[in-house]
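Inspection log for the structure reproduced underneath, given as structure tokens.
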Amino acid sequence: MANLDVQRLRKNLLKYYSRYNVLPGNTYELSSDMDIESCVAAIDDITSHILRPAERNMRLELSQMFKECENPEIPYFEVVMDIMQFMNEFVGDPHTVELIFARVNNEVARKKLEVDEKIYYKNNEWTSELAEMSMQKLRDSGTERDYQFMIEQLTEILSHFTSEDGIKNVRMKLNNIIKDHSQRELKVLDLQL
């Protein structure tokens with residue numbers, strides 16, 4: 001049995017708790033005549049008490065990191081229909097909208113293929129077969145990242161039709177269309193922690 005100065009130990013523990021910005025834990029089990037096993041158990045309890053808030057914060061931060069990196073697949077035709085409807089309302093000429101959208105859609109499909117397969121194609125290497133394959137890949141497995149690139153391209157083109165404030169509106173509405181179609185599975189990750 002060790003003879004402990006419990007008052008001094010409690011005072012030192014209070015300082016220790018304040019160093020980690022943790023509310024003091026229960027120190028009633030501390031006594032002046034504790035054996036080694038009791039001291040080890042008390043140290044383990046105090047350590048877990050101090051680490052619990054930090055562990056929770058770390059888990060939430062890591063959860064947020066995972067959620068921010070989620071890149072959900074988005075159903076192609078639903079998104080395209082909503083974007084085309086918005087563009088028709090914004091531009092007003094369906095023929096112009098189809099031309100703009102066809103060009104942007106091809107650029108997005110090409111970039112998706114290049115990013116996914118980690119191969120860059122020069123313009124003279126880009127064939128109609130590759131273009132068709134990339135479009136099919138976009139239709140089958142287009143993700144939020146791909147549609148974010150589409151929004152950038154469309155916003156750049158539509159900037160010729162409006163003012164600076166109008167561009168902010170366009171970007172916001174297109175982002176909302178993408179967000180409406182995103183099925184995020186990790187949004188409830190915090191509840192599982």
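The values are calculated or read from the model by the stated rules, or taken from the named source; none is laboratory data. As the structure is a computational prediction, the values presented were derived from the model and not from experiment. Every residue, glycine among them, receives a Cβ derived from its backbone with ideal geometry; neighbour counts consider all protein chains shown. To get the accessible areas, we keep the full protein, side chains included, count just its heavy atoms, and leave off ligands, DNA and RNA. Shrake-Rupley method; radii C 1.70, N 1.55, O 1.52, S 1.80 Å.
Among the listed options [x] 43; [y] 36; [z] 61, the one matching percent of Cα pairs over 24 Å apart as calculated from these coordinates is [z]. The trypsin sites (Lys or Arg not before Pro) of the range 81-117 include none that meets both criteria, a DSSP state outside H, G, I, E and B (loop) and at most 15 other C-beta atoms within 10 angstrom of the site's C-beta.
Would you look at the GNM of the chain, springs on alpha carbons closer than 10 Å, and say which of Glu37, Glu55, Glu78 moves the most? Taking springs between Cα atoms under 10 Å, the residue moving most is Glu37. Between amide H atoms placed 1.01 Å from N, distances below 5 Å from Met34 occur with Ala2, Leu4, all of them 5 or more places distant or on a separate chain. Its relative contact order, with pairs defined as Cα atoms under 8 Å and 6+ residues apart, puts the chain at 25 percent. For the range 52-63, 3J(HN,Hα) computed residue by residue from phi via the Karplus equation (6.51, -1.76, 1.60; θ = phi - 60°) reads 4, x, 5, 4, 4, 5, 4, 4, 5, 5, 5, 4 Hz, glycine and proline entered as x. For the chain, the longest principal axis of the Cα atoms and the long axis of helix 76-91 meet at an angle of about 60 degrees.
Taking 29 Å as the straight-line reach from the Cα of Lys111, the lysines in range (excluding those fewer than 8 positions away in the same chain) are Lys67, Lys122, Lys137, Lys168, Lys173, Lys179, Lys187.
Averaging Cα coordinates gives a centre for the range 1-15 and one for the range 131-193; these two points are 60 Å apart. Seen against the Cα atoms of the chain and their longest principal axis, helix 128-141 is set at about 40 degrees. Seen against the Cα atoms of the chain and their longest principal axis, helix 144-158 is set at about 50 degrees.
Residue separation times 0.36 nm, minus the C-alpha to C-alpha distance between Asn106 and Asn12: what's the value? Walk me through the numbers before you get to the answer.
Working: separation 94, 0.36 × 94 = 33.84 nm, distance 6.77 nm.
Taking Asn106 through Asn12 to full extension adds about 27.1 nm, to one decimal.
Over all other residues within a Cβ to Cβ distance under 15 Å of Lys137, the charged ones net out to -3, with Lys and Arg as +1 and Asp and Glu as -1.
With the full set of protein chains in place, find how many percent of the accessible area of the chain is carbon and sulfur; take the probe as 1.4 Å.
Answer for the chain: carbon and sulfur cover 54 percent of the accessible area.
Normalised by the number of residues in the range 79-192, the average gap of Cα pairs under 8 Å and 6 or more apart makes the relative contact order 29 percent. Put a dot 7 Å past the Cα of Leu4, heading toward its Cβ, do the same for Lys173, and the two dots end up 6.9 nm apart.
Comparing Ile157, Ile83, Ile43 in a Gaussian network model of the chain (Cα springs below 10 Å), the most mobile by mean-square fluctuation is Ile43.
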